[in-house]
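J.: So that we are looking at the same thing, I have put the structure below in structure tokens.
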Amino acid sequence: MQRTFAIIKPDAVAKGVAGRILSKIEENGFKVVAMKMMHMTDAQARGFYQVHRERPFFGSLVAFMTQGPSIVMALEGDNAIARWRELMGATDPAKAAAGTIRKEFASSIEANAVHGSDAPDTAAFEIPYFFSALEITAR
Ligand code: ATP
Ligand code: MG
């Protein structure tokens with residue numbers, strides 16, 4: 001079992017497709033072990049995407065992530081990190097494979113509907129960035 005961190009980003013929440021994305025998550029066998037809706041502050045978004053702080057799109061990315069509410073989640077399952085990245089599809093929806101969430105719901109390389117941790121160390125930073133131990137369902 002592995003855990004990963006996921007976001008239904010503000011573009012997808014605003015478009016009203018959060019429920020359809022959550023259905024795909026469940027249909028693909030992920031267990032949602034934590035979930036909440038939040039409207040990220042500038043400081044929260046900057047801290048979350050700190051690895052991208054030198055990139056030219058950083059300011060725009062922070063503005064996008066703070067434009068409205070998003071839904072943050074911790075997902076659990078076998079090989080959850082890689083499987084969730086696969087279900088999300090490529091960063092740029094123009095390059096995303098058929099059947100992926102970004103192919104179906106993303107509008108652009110920036111407004112791309114979902115986030116997923118890209119490695120175990122990333123998940124280990126991202127899950128506790130948004131959730132306390134008490135907010136994660138115990139088994
Ligand atoms: P995420 O980290 O959100 O799961 P990712 O790992 O597929 O996405 P990253 O390279 O980590 O992609 O980029 C983080 C986010 O920054 C992207 O999801 C997208 O919202 C935004 N982004 C990435 N590249 C660009 C770009 N060239 N122009 C604008 N925004 C971008
Ligand atoms: Mg990334």
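J.: What whole-number value in Å² describes the accessible area per residue of segment 66-110 for a 1.4 Å probe?
T.: 45
J.: Considering lysine pairs in the chain that are 8 or more places apart or on different chains, how many have Cα atoms under 20 Å apart?
T.: Taking the Cα cut-off of 20 Å, the pair count is 12.
J.: Carbon-plus-sulfur fraction of the accessible area of the chain, 1.4 Å probe, in percent?
T.: Answer for the chain is 54 percent, counting heavy atoms of protein chains only.
J.: Hey, any idea what the orientation-averaged projected area of the convex hull of the chain's Cα atoms comes to, in nm²?
T.: About 7.8 nm², averaged over all directions.
J.: How large is the dipole of the chain about the Cα centre if only Lys and Arg carry +1 and Asp and Glu carry -1, each at its Cβ, rounded to the nearest 20 debye?
T.: 160
J.: In the chain, with Lys and Arg counted as +1 and Asp and Glu as -1 at Cβ, which of these residues, L134, V62, L22, has the Cα nearest the positive end of the dipole, that is, farthest along it?
T.: Farthest along the dipole direction, towards plus: L22.
The values are calculated or read from the model by the stated rules, or taken from the named source; none is laboratory data. As the structure is a prediction and not an experimental result, all values here were calculated from the model. Positions of Cβ are generated from backbone atoms using ideal geometry, with glycine treated the same way; all protein chains shown enter the neighbour counts. Just so you know, the surface numbers come from the protein's heavy atoms only, side chains and all, with ligands and any DNA or RNA stripped out. Shrake-Rupley method; radii C 1.70, N 1.55, O 1.52, S 1.80 Å.
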